[in-house]
1. Which pairs turn up if I take residues in the stretch 172-184 that are over 17 Å from PRO49 (Cβ atoms) and look for partners that are open to solvent by 60 Å² or more (accessible area, probe 1.4 Å) with beta carbon separation below 9 Å, at least 6 apart in sequence or on another chain?
2. Within the set of pairs 6 or more residues apart or between chains, which connect a residue that is acidic (Asp, Glu) inside the stretch 32-51 to a residue that is open to solvent by 30 Å² or more (accessible area, probe 1.4 Å) and modelled with pLDDT of 95 or more with Cβ atoms less than 9 Å apart?
3. I'm trying to understand the selection: among the residues of the stretch 154-171, which are under 15 Å from ALA138 (Cβ atoms) and within 13 Å of the chain's Cα centre (by Cα)?
4. Would a scan of the stretch 91-100 turn up a residue that is open to solvent by 50 Å² or more (accessible area, probe 1.4 Å), at pLDDT 95 or above, out of contact with any His (no Cβ under 7 Å at 6 or more places or on another chain) and not acidic (Asp, Glu)?
5. Against the condition of a type in the set (D, E, K, R), at pLDDT 95 or above and loosely packed, with under 14 Cβ neighbours inside 10 Å, how does GLU54 come out, does it pass?
6. Sort through PRO60, PRO65 and tell me the only one that's more than 29 Å from ALA160 (Cα to Cα) and without any contact (Cβ under 8 Å) to a residue 24 or more places away in the chain.
7. Can you confirm whether ARG72 is in contact with a Gly (Cβ under 9 Å, 6 or more places away or on another chain), open to solvent by 10 Å² or more (accessible area, probe 1.4 Å), part of a helix (DSSP H, G or I) and of a type outside the set (Ser, Thr, Tyr)?
8. Suppose we filter the stretch 9-48 for residues that are open to solvent by less than 40 Å² (accessible area, probe 1.4 Å) and within 21 Å of the chain's Cα centre (by Cα); how many remain?
Amino acid sequence: MAHMALTVGFDLDMTLIDSRPGIRACYQALSERTGTYIDADLAVTRLGPPLAEELVNWFPAEEIPAMADLYRAMYPAIAVTATPALTGAREAIAAVREAGGRAIVVTAKYEPNAKLHLAHLGIEPDAVIGDLWAEQKAEALREHDAGVYVGDHVGDVRGARTAGALSVAVATGPCPEEELRAAGADVVLTDLTEFPRWLSDYRPARA
């Protein structure tokens, strides 16, 4: 393993954490605070893209920066404790470490809030890089020499492919298995509980 220098990147929302309860609550609070209708149940069915891409459905374009700032300021008190880890998340990170590798998180989420989630859940990756979406994620994956990127969205598949990393997709988010495969995922897992076994098979193949 030493010569492989394996670094595995993970997405956050709907890959490592089930952020739907917290995000739903935060959208509801934003709606109450601003007096603007937001269908929070609908919003959490399409997690993955940057916050602004959801807010544009509910607010005029000129208000988006201010609404994004307000949402992010409200988020820690409302969303963090309401958000659980997805099944297998801790074990997936541990599997990378046990293999002698590094585990990083690369997410579109506002980086300080991403770090709050991970700290609250006791998940300690080697690095957390936020505010990157889809192909932008390749910047961090390349910087950290990540050979594998694990995510739940077709945007994560695009990020992995742009970085030249192996795309491992989990069908725990808004994109079904067929859509992930069609986007070019190299591997599709039902959820992260399947990741340690996959990784144990992948390492000898690479070695």
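1. GLU177/THR190; GLY184/ARG158; GLY184/ARG161
2. Cβ pairs passing all conditions: ASP39/ASN57; ASP39/TRP58; ASP41/ARG24.
3. Answer for the stretch 154-171, where residues must be under 15 Å from ALA138 (Cβ atoms) and within 13 Å of the chain's Cα centre (by Cα): VAL154, GLY155, ASP156, VAL157, GLY159, ALA160.
4. Within the stretch 91-100, one or more residues are open to solvent by 50 Å² or more (accessible area, probe 1.4 Å), at pLDDT 95 or above, out of contact with any His (no Cβ under 7 Å at 6 or more places or on another chain) and not acidic (Asp, Glu).
5. When the stated conditions are applied, GLU54 does not pass them.
6. PRO60
7. So ARG72 fails the test.
8. Summing the residues that are open to solvent by less than 40 Å² (accessible area, probe 1.4 Å) and within 21 Å of the chain's Cα centre (by Cα) in the stretch 9-48 gives 21.
The values are calculated or read from the model by the stated rules, or taken from the named source; none is laboratory data. This one's a predicted model, so the numbers in the text were calculated from it and none came from an experiment. All Cβ positions, even for glycine, are placed from backbone atoms using ideal geometry, and neighbour counts span all protein chains on display. Calculation scope for accessible area: heavy atoms of the full protein, side chains included, ligands and nucleic acids excluded. Shrake-Rupley method; radii C 1.70, N 1.55, O 1.52, S 1.80 Å.
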